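The values are calculated or read from the model by the stated rules, or taken from the named source; none is laboratory data. Fair warning: this is a prediction, and the values are worked out from it, not measured in the lab. We place every Cβ from the backbone using ideal geometry, glycine too, and count neighbours over all the protein chains shown.
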Number of protein chains: 2
Amino acid sequence: MNAGEDRPSRRRTASDQVEGVLLEAAQDVLDREGLAGVTVRAVAREAGAAPMSVYNRFGSKEGLLAALAVGTLKDLWRAVDVDRPDRPRDPERRFREACDAYRQFALAHPQRYALVFGGGGPLAQTGSETSVYGHAAFEVLIELVQDLAGRAPEGFADVGEAAQVVWTALHGAVHLELGGIGQVSGSPDTYARTVDLLVRGLR
Amino acid sequence: MNAGEDRPSRRRTASDQVEGVLLEAAQDVLDREGLAGVTVRAVAREAGAAPMSVYNRFGSKEGLLAALAVGTLKDLWRAVDVDRPDRPRDPERRFREACDAYRQFALAHPQRYALVFGGGGPLAQTGSETSVYGHAAFEVLIELVQDLAGRAPEGFADVGEAAQVVWTALHGAVHLELGGIGQVSGSPDTYARTVDLLVRGLR
């Protein structure tokens, strides 16, 4: 590799690294202090950088939150991804495993989950990068539902509608569990019964 | 009625009226400005009263929010109540009507719904007045599920667990709709399909 090929690549990597460090710092602040704690100043302090470096990379606090949301959706996508070679081949087992992975992700990262799915965030803005990644994550669910129930699950207009109903139920379970307001004890059981009901309703 | 019987009753009524006026003012502020806008000062201003009158009746801002949450749960309870004489007798129709009433209530009062079910509120405090009213509202759902599916719906430990799963799905649908982050268009359809799935899974 000659210097001419090397230099731009090295420059891009350095810039990517700064962005990565800032995003990681933002994620730590979010995990520790919640959404209200994520300010440009707090994130810069956490990363040992100047506030201007945050503005340079993300434009604004909103840009930083959008990047955090995209990062969260990418991680969630990876967590539930059906195409990983270590996933089971049986559609029902794969569906159940992905549902469990969704819950585990939310419980492990409650603040990141709330940022994306708490409402009022960048996911609601049609055409935003976040909404594009949101749709990509949703496509994974569509694939799972399709493998389990076929292209036109009975009782639904299409597989997309069925996937939306599945997501609806999983999100409701996770959101009530995170809020600590379930009315019966045993959230893992409630979640398992919710998934059972979905499997029964889709097959 | 002599003066001795009348006076305490009139005093109670006057005090109730002040409390009612303050609660109504708090609800208006909540509807208009969201949870962040509900301060003792803002509510007193809205009611044309002194901040001290809010402290006298509710103790603190937290007490005021708890009273708002209780009021919301009472209204929600009334909205979905199965025992009203105008409700249909058929269990499935009654279940579907209550599910629709739940959604309509949330869409009509998004800020009040978020106050109670957004997480982190007084509903999560075991033994609080809010949690008692929350459980009373949940009892209505248990009754609906029992009428539809019997005391031990197949696939659930008991009717309470089944009711929790139902609530989970309804809450998820309403919460995603309020947040504007559903992935397929047509929220009323998604909600109707969610209720269909629940009915199929419970019968």
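For segment A:156-166, the set of residues classified as at the interface with chain B (Cβ under 7 Å from one of its Cβ atoms) and within 20 Å of A:Ala101 (Cα to Cα) consists of A:Gln164, A:Val165, listed by residue number.
For beta carbons closer than 9 Å, sequence separation of 6+ or different chains, a first residue in segment A:165-183 that is assigned by TED's automatic domain parsing to the domain that holds A:Gly155 and a second that is among the β-branched types (Val, Ile, Thr) and modelled with pLDDT under 90, the qualifying pairs are A:Val165/B:Thr190; A:Thr168/B:Thr190; A:Ala173/A:Thr190; A:Leu176/A:Thr190; A:Glu177/A:Thr190; A:Gly182/A:Thr190. Taking the criterion of being among the hydroxyl-bearing types (Ser, Thr, Tyr) and either touching a strand residue (DSSP E or B) at 6+ places or on another chain (Cβ under 6 Å) or more than 7 Å from chain A (Cβ to nearest Cβ) (or both), the residues of segment B:170-203 that qualify are B:Ser185, B:Ser187, B:Tyr191.
Checked against (1) hydroxyl-bearing (Ser, Thr, Tyr); (2) surrounded by fewer than 16 Cβ atoms within 10 Å (Cβ to Cβ); (3) touching a Gly at 6+ places or on another chain (Cβ under 6 Å), A:Thr168 meets all criteria but (2). The test for being among the small types (Gly, Ala, Ser), closer than 17 Å to B:Glu161 by Cβ and in contact (Cβ under 8 Å) with a residue 12 or more places away in the chain does not hold for A:Ala192.
A count restricted to segment A:123-163 and to residues that are in contact (Cβ under 8 Å) with a residue 12 or more places away in the chain and not small (Gly, Ala, Ser) stands at 16. Summed over segment B:91-114, residues that are within 12 Å of chain A (Cβ to nearest Cβ) and more than 12 Å from B:His171 (Cβ to Cβ) total 2.
Can you confirm whether A:Glu129 is surrounded by fewer than 18 Cβ atoms within 10 Å (Cβ to Cβ), under 16 Å from the mean Cα position of the chain (by Cα), not aromatic (Phe, Trp, Tyr) and not assigned by TED's automatic domain parsing to the domain that holds A:Glu33? Judged against the criteria, A:Glu129 is a match.
Among the residues of segment B:138-148, none qualifies, meaning not one is touching a helix residue (DSSP H, G or I) at 6+ places or on another chain (Cβ under 7 Å), within 8 Å of another protein chain (Cβ to nearest Cβ) and buried (at least 24 other Cβ atoms within 10 Å of the Cβ).
Does B:Asp31 fit the bill of being part of a helix (DSSP H, G or I) and closer than 30 Å to B:Thr194 by Cβ? So B:Asp31 passes the test.
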